[in-house]
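Heads up, the thing below is written out as structure tokens.
None of the figures in this text is laboratory data; all of them are computed from the coordinates on show. Keep in mind it's a predicted model, so treat the numbers as computed, not measured. All Cβ positions, glycine included, derive from the backbone under ideal geometry; neighbour counts span all protein chains shown.
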Amino acid sequence: MNAREIALKALVDIETNETYVNAALKEALSTEGLSSVDKGFMTELIYGVISNKTAIDFIISRYSKVKMKKMTSWVLNILRMGVFQLHFMDKVPPSAACNEAVKLANKYSHRAGAGFVNGVLRAVSRGKEDFKFPKMNDIAEELSIEFSYPIWMTKALIKEYGEEECRMLFEENNKPHGVFIRVNSLKTTENGLIETLDKEGVCCEKTQVKNCLKVMGKLNVENSAAYKDGLYSLQNISSQMAVEALDAKPDELVVDMCAAPGGKSCAIAERMGNLGKVFSFDVFSHKVELIKKSAERLGIDIITPKVQDSRERVESLVGKADRVLADVPCSGLGVIHKKPDIKWKRKEEDIAELCDIQRDILKTAAAYVKKGGTLVYSTCTILPEENKMRIVEFLKNHSEYKKVFEKQILTAENGESGFYICKMIKE
């Protein structure tokens, strides 16, 4: 099978079985015989179609006399891949996009289906230069179609950030984002890791966050001896900022409320010089195992991973923690650039349920902090209901806490994921 056929199977799996994009892509990439170029092209196809699905479907509807709901999933996704290549990829010749789509239609449809695919894509190709998304009276609907976002999500983001900021945010989410790594200060230094990775053919540069490096180019951790030796971890700079705000010290007791897969817990332990105690909670046992494996690879032994629902209080920790990190479950709107299916899996009604969970976890987290201790609340979303509004409510009910730092990071300001961080002190 070639890259296009494997991508097609993945897209049909995502649509018909509601498989997560990352899981479908992982399966696709495991296909034997694929070159690195094929893998890159296939990844771009899968992410591109999912990220731009509404816009692609709008284009198809303009050139097809057959309603999309009457098409098989195979034919529809062949068309989607073809339109994505024609409208969103400059490096694919139109003839190749059309011809390869017809070949797939011959295999996964019938002669009439192949002729239909050929006719639609040829028409799309001819009309590409003159095609424009329509201007509408409702700017939310206009942006929703052009950038492929649910209308409820678009309206919520326009309300918070305004039309222009929202448009810029959507544009940034469709661009490639940088890769960031965290230096394991227990085993090396920033300069030392830069030198080590340079020998592996990987170039890195320092960022404004201590021990956070930005990778300039490609990085394959599976082939990296430095990664296997525990010299670094993959971690977005926004996530590292939350740990920086917590500012844990050696010999302190720290609680990480929602810790899996362990990136922040390990970063905390590294900042502590592997001295003290870190309790890392997660509700799922298989995720707790991920925390253990990460700590072992990095040479960390002060983390105690525990299966624990963070809404429920551990009485032995009440009033004992120097610092608590509550990086709570959220809608994930800040990481759509790397998880585009969030746009289609997340529903408006989910937000109220998530806010209830966040409220309960924050309340429990606050109970663990001792007098003079630090509480950091963070999310990877950009909705105010889950961020600043949660903190306003919390501080109204917890007068013993004082807000000392608050930051809303929007996706790709400097390559970051969208993130919210609020630091509070228990007076």
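In table form, for the structure just shown:
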{"item": "Estimated [θ] at 222 nm from DSSP helical runs (n ≥ 4, -39500 (n - 2.57)) normalised by residues in the chain, nearest 500", "result": "-15000 deg cm²/dmol"}
{"item": "In segment 109-190, the trypsin sites (Lys or Arg not before Pro) that fall in loop regions by DSSP, at most 10 other Cβ within 10 Å", "result": "132, 135"}
{"item": "Binned Cα-Cα distance frequencies in the chain - 20 Å width, integer %", "result": "24, 51, 23, 2"}
{"item": "Cα centre as origin, Lys/Arg/Asp/Glu Cβ charges: the chain dipole, Debye", "result": "680"}
{"item": "Protection proxy ranking of 250-256, 188-194, 315-321 - average other beta-carbon atoms within 10 Å, highest first", "result": "250-256, 188-194, 315-321"}
{"item": "Relative contact order (percent, whole number), the chain, Cα cutoff 8 Å, 6+ residue spacing", "result": "11"}
{"item": "Size of electric dipole in segment 3-127: Cβ of Lys, Arg +1 and of Asp, Glu -1, about Cα centre, debye, nearest 20", "result": "660"}
{"item": "Of 374, 72, 43, the one that fluctuates the most in a GNM where the chain has Cα springs shorter than 10 Å", "result": "72"}
{"item": "Exposure proxy order (Cβ contacts within 10 Å, fewest to most) of 47, 420", "result": "47, 420"}
{"item": "Exceeding the 29 Å Cα-Cα cut-off - candidates 39/159; 53/388; 214/264", "result": "39/159; 53/388"}
{"item": "Sorted by Cβ neighbour density within 10 Å, fewest at the top, the residues 282, 341, 247", "result": "247, 341, 282"}
{"item": "Contact order relative to length of segment 249-338, as percent, for alpha carbon pairs under 8 angstrom and 6 or more apart", "result": "36"}
{"item": "Gap separating the Cα centres of segment 236-252 and segment 255-312, nearest whole Å", "result": "13"}
{"item": "Mean Cβ neighbour count within 10 Å, used as a protection proxy, ranking 210-223, 49-62 highest first", "result": "49-62, 210-223"}
{"item": "Sequence-distant residues sharing a close amide H with residue 373 (under 5 Å, placed H)", "result": "426"}
{"item": "In segment 35-129, the GluC sites (Glu not before Pro) that fall in loop regions by DSSP, at most 16 other Cβ within 10 Å", "result": "129"}
{"item": "Cα-derived Rg over Rh, computed across segment 321-427 with Rh taken as Kirkwood radius", "result": "0.99"}
